[in-house]
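Presented below is the structure to which this report refers.
The values are calculated or read from the model by the stated rules, or taken from the named source; none is laboratory data. These numbers come from a predicted model, not from an experiment. Here the Cβ is made from the backbone with ideal geometry for all residues, glycine too, and neighbour counts use every protein chain on show. In case anyone asks, the SASA skips ligands and DNA or RNA and just uses the protein heavy atoms, side chains included. Shrake-Rupley method; radii C 1.70, N 1.55, O 1.52, S 1.80 Å.
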Amino acid sequence: MWTNSEDKALRERAEAVIPGGMYGHQSVRLLPDDYPQFFERASGAHLWDADGNKYTDYMCAYGPNLFGYGHEGIDAAYIAQMKKGDTMTGPSGLMVTLAEEMTRMVTHADWAMFCKNGTDATTMALMIARQHTRKKTIVLAKGAYHGAAPWCTPLKNGTTPSDRANQVFYTYNDVESLEAAVKEAGDDLAAIFASPIKHDTFVDQEDPAPDYARRARELCDETGALLIVDDVRAGFRLARDCSWARVGIEPDLSSWGKAIANGHPLSALLGSDKAREAAAHIYATGSYWFSAAPMAAAIETMKLIRETDYLERTQALGQRLRTGLDEAADRHGFALRQSGPAELPLIMFADDPGFSKGYAWNQALIKRGVYFHPWHNMFICAALTDADIDQTLEIADEAFKVVKEAGPLPPVEKLAILATLSD
Ligand SMILES: *Cc1c(COP(=O)(O)O)cnc(C)c1O
């Protein structure tokens, strides 16, 4: 029986000692009621919340879980290195090994720098582009997420307009708007930032159009600016290379994080020789950036990426989920909007501008042990099984029934805040 008394008690205590009770993407404030805020453990493709409820987890910690929570081989490498030495006065030799391995796997990359969060990597990319070009302006896709620093946070509270100076926006996949943004940057263009796919929240995902990716590369080559692909979220989930290898375009810099150490804290910036000199001349560091144990975990993760069929498996599992959900929706007279690569699915309802169907469905799913997200792309991990998918499809079928029986519902009130976030 699903209960949430422990979660409620923790939330009450959190209200007193954690601002807002929780912050950032980890806050469940904007999710349907009954989403648990606190978890107790995780294993493979499953999560247990603070009340002991078990979920098949399709969020993968918002990206870090690629091979399953608590993966034995990866964690064994982590623990062994932790016992030998983790955060030391200098890095271990594993840093060099990991840089060698990642540059071997990622076609455009000749060098690597390691840090802790995706934001560290995107911020270093920004600095390296400005150092390399001695120019200021960066061109970015409107609505794309690149991290939580003042220059890129989606919620502007606590930032000033000068934190975001020298930024021009384009529409993802729209060549004309990209060209217009580059034109506006004039002779001051330092970089074009691109997400590997359009994976913004609340809207359908889009694969990169080949002509858009090609034009971004050309515009950088024409102006001397650097092309940056922010692969923090999608990296190694779509390819065993930079995600834009899928469209045959090599960036100058790519930022990585989330899955690269299967949940252990590590991120990376990879670059080509063109940007090496500039990369060597920015000041970049952090107390925990050189810790050895997460690098040991990353080396093991890279081995699994190279040597297993995890990619083909997550694609097949995602496709089976997608097809099954469409069939179940159809049986109940609903239509879903499923977008993006199957292994990075985003699932919303058609004809649901106020998200009321989506919220009712996700709420029914969570109470039955399936952790889906109503407006953020989800993640398929390699520990998920066909049996997990079958069970999810059965539960999804029940959840569609619940939504149908509920009849018309009002727009989701807590999402009214979105109107205040737009530029
Ligand atoms: C998560 C994310 C980041 C920021 O990574 P953090 O580790 O949260 O700092 C940057 N870019 C993209 C595309 C992301 O998904």
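Miscellaneous remarks
- Applying a threshold of 9 Å to beta carbon distances and a minimum spacing of six or more residues, or different chains, the list of pairs starting in segment 248-268 at a residue that is more than 20 Å from Gly224 (Cα to Cα) and open to solvent by 10 Å² or more (accessible area, probe 1.4 Å) and ending at one that is assigned to a strand (DSSP E or B) and within 11 Å of the ligand (Cβ to nearest atom) reads Lys258/Ser267.
- Some residue of segment 206-227 being within 12 Å of the ligand (Cβ to nearest atom) and outside any helix (DSSP H, G or I): no
- Wholly enclosed strands (runs of 3 or more DSSP E) of segment 231-344 bearing at least 1 residues touching a strand residue (DSSP E or B) at 6+ places or on another chain (Cβ under 7 Å), farther than 18 Å from Ala61 by Cα and in the same structural domain as Ala406 (by TED's automatic domain parsing): 336-339
- The condition (being touching a Cys at 6+ places or on another chain (Cβ under 8 Å) and open to solvent by less than 10 Å² (accessible area, probe 1.4 Å)) is satisfied by just one residue among Leu178, Leu227: Leu227.
- When the criteria are applied in full, Glu206 fails the requirement of being open to solvent by 20 Å² or more (accessible area, probe 1.4 Å) and free of Cβ contacts under 8 Å to residues at least 40 places away in the same chain.
- Cβ pairs under 7 Å, 6+ apart, first in segment 100-129 and near the ligand (Cβ under 9 Å from one of its atoms), second outside any helix (DSSP H, G or I) and open to solvent by 40 Å² or more (accessible area, probe 1.4 Å): Lys116/Pro265; Lys116/Tyr288; Thr119/Ala148
- Checked against the criterion of being open to solvent by less than 60 Å² (accessible area, probe 1.4 Å) and either modelled with pLDDT under 95 or within 16 Å of the ligand (Cβ to nearest atom) (or both), segment 183-190 contains not a single residue that satisfies it.
- Filter result for the condition that a residue is open to solvent by less than 60 Å² (accessible area, probe 1.4 Å), aliphatic (A, V, I, L, M) and assigned to a loop (DSSP other than H, G, I, E, B), over Ala360, Ala382: Ala382
- Considering (1) touching a residue at least 24 places away in the same chain (Cβ under 8 Å); (2) among the polar types (S, T, N, Q); (3) closer than 19 Å to Val96 by Cα, the lone condition that Thr314 does not fulfil carries the number (3).
- Filtering Asp330, Asp309, Asp351 for residues that are open to solvent by 30 Å² or more (accessible area, probe 1.4 Å) and at positive phi leaves a single hit, Asp351.
- Among (1) among the basic types (Lys, Arg); (2) over 20 Å from Thr301 (Cβ atoms); (3) within 11 Å of the ligand (Cβ to nearest atom) - the single one Lys258 does not satisfy: (2)
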